[in-house]
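J.: Before I ask anything, let me first share the structure, which is written out below as structure tokens.
Read the figures in this text as sums done on the coordinates, not as results from a lab. In this text the structure is predicted, and so the values were computed from the model without any measurement. Reconstructed Cβ throughout: ideal geometry from the backbone, glycine too, with neighbour counts over all protein chains shown.
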Amino acid sequence: MSSNGSSNGEVHKLVIIGSGPAGYTAAIYASRASLDPVCFVGVAKNDPGPVLPGGQLMLTTDVENYPGFPDGVSGPEMMDMFRKQAERFGTKTIEQDIVSCDFSEHPFTLETSEGKKIRAHAVILATGAVANWLGLESEMRLARSGGGVSACAVCDGALPMFRNKPMAVVGGGDTAMEEANYLTKYASKVYVIHRRDEFRASKTMQERLLAKDNVEVLWNKVVVDVLGDDLITGVRLKDTQTDEESTLEVNGLFVAIGHTPATKFIKDSGIEMDDKGYIRLNSRHSATNIDGVFAAGDVADAEYRQAVTAAGMGCQAALDAERWLGGKGLA
């Protein structure tokens, strides 16, 4: 059930902002609880890399670590199933962005990318986090097509296409160390490409990685091009000190230069966030600092960033919202 969205003075019991495992799971639970949820799944955009309704799994060719799929499933196929399941129970999905939120009074007022005002008694924020990319055309092309470029080694690194092959990780922080360390279990060799001559990662993380026999660090290097048509065959590197260029043959490239939570649209809404822009949750529950506003998935999770944890948080948010609405006599 899709819609263009319209307020017409109506106040929705629950609006879910965002899709992906968190948003759709919240929608499944909320619709089965007769909360008549409206889910704003967003629109496709580049920011600067690809952002698609359905979240980061839309850029993942094979998902092999989500329970219930013994033979694996493509990310887009999984998200299509999530959406259909939510719609089956009555969730109204709207392909628009929410661009601003007024949480200063109940009911809340939300503004869509088409300039419409939406009112809601409760809101679940599930807009996720966007991987930071290098911004190369070749990188984006191979990331979209499943050609061996990824922003999540834990998600994709164990796939058969990467087994016993040389792989590269770009980055120098703790995330890059974790990603590279994970890949050492599957790759014939892991190259860590870093633009400086020292890592920003903690000493413990560095030592753990550098103790591995199949790791090589390429200092003072940046990726200027990703090579390959359908599948990655290598990367073109540039030395940051000499400008000398070289080619490195690899069969996988994992960009580990961080994520940016999709929270710009609530910047001035009063929602508490940490210094990186992730929504702050002060307890095991999904409640934010604003009564009636809940958060789920990567938008509030800088630690795990997995489909299964996002789905679990979506379940929590829907249950918390149901209880909150019930306590107000609105469910």
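J.: Would you kindly derive the ³J(HN,Hα) couplings of the range 246-261 from the backbone phi angles with the Karplus curve 6.51 cos²θ - 1.76 cosθ + 1.60 (θ = phi - 60°), listing them in order in whole Hz, with x for Gly and Pro?
T.: 8, 10, 10, 7, 9, 10, x, 10, 10, 8, 10, 10, x, 10, 10, x
J.: Under a Cβ-Cβ limit of 4.7 Å, which cysteines in the chain have nobody to pair with?
T.: So far as the 4.7 Å Cβ criterion goes, 39, 101, 315 stand without a partner in the chain.
J.: What residues qualify as long-range amide H neighbours of residue 259, i.e. H under 5 Å apart, gap of 5 or more or another chain, H built at 1.01 Å from N?
T.: Long-range HN contacts for residue 259: 132.
J.: Additional query: Rg and Dmax of the range 249-292, using alpha carbons, in Å: what are they?
T.: So, for the range 249-292, Rg and Dmax equal 15.6, 53 Å respectively.
J.: If amide H atoms are built 1.01 Å from N in the plane of the peptide, which residues on other chains or at least 5 residues away come under 5 Å of the amide H of residue 225?
T.: 236
J.: Taking Cα atoms of the range 6-118, Rg/Rh with Kirkwood Rh, to two decimals? Write down the numbers at each step before the final one.
T.: Working: Rg = 15.1 Å, Rh = 14.9 Å.
Ratio of gyration radius to Kirkwood radius for the range 6-118: 1.01.
J.: Of 23, 234, 128, which has the largest mean-square fluctuation in a 10 Å C-alpha GNM of the chain?
T.: 234
J.: Next question. I want the antiparallel fraction of DSSP beta bridges within the chain, as a percent rounded to 5.
T.: 45 percent
J.: So which residue, out of 100, 188, 283, gets the largest mean-square fluctuation from a GNM of the chain using Cα contacts under 10 Å as springs?
T.: 283
J.: For a quick check: with amide H placed at 1.01 Å from N, whose amide H comes under 5 Å from residue 273's, ignoring anything fewer than 5 positions away on the same chain?
T.: The answer is 280.
J.: Report the normalised scattering of the range 133-255 as log10 I(q)/I(0) at q = 0.13, 0.21 Å⁻¹, calculated by the Debye formula with identical scatterers on the alpha carbons.
T.: -0.45, -1.21
J.: When we measure straight from the Cα of residue 45, which lysines land under 28 angstrom away, once same-chain ones fewer than 8 places off are left out?
T.: Once the sequence-local lysines are set aside, what remains near residue 45 is 84, 92, 116, 117, 264, 267, 276.
J.: Work out how much length residue 64 to residue 163 would gain on full extension: take 0.36 nm times their residue separation and subtract the Cα-Cα distance, in nm to one decimal.
T.: 34.2 nm
J.: I'd like the distance separating the alpha-carbon centroids of the range 250-269 and the range 230-246, in whole Å.
T.: 23 Å
J.: With axes computed from alpha carbons, what is the tilt in degrees of helix 75-88 against the longest principal axis of the chain, rounded to the nearest 10 within 0 to 90?
T.: Value to nearest ten degrees: 10.
J.: Report the far tail of the P(r) of the chain, meaning the percent of Cα-Cα pairs longer than 31 Å.
T.: On the way: 19079 of 54615 pairs.
Taking all Cα-Cα pairs of the chain, the fraction more than 31 Å apart is 35 percent.
J.: Kindly express, to the nearest 10 degrees and within the range 0 to 90, the angle between helix 20-32's C-alpha long axis and the longest C-alpha principal axis of the chain.
T.: With rounding to tens, the tilt is 20 degrees.
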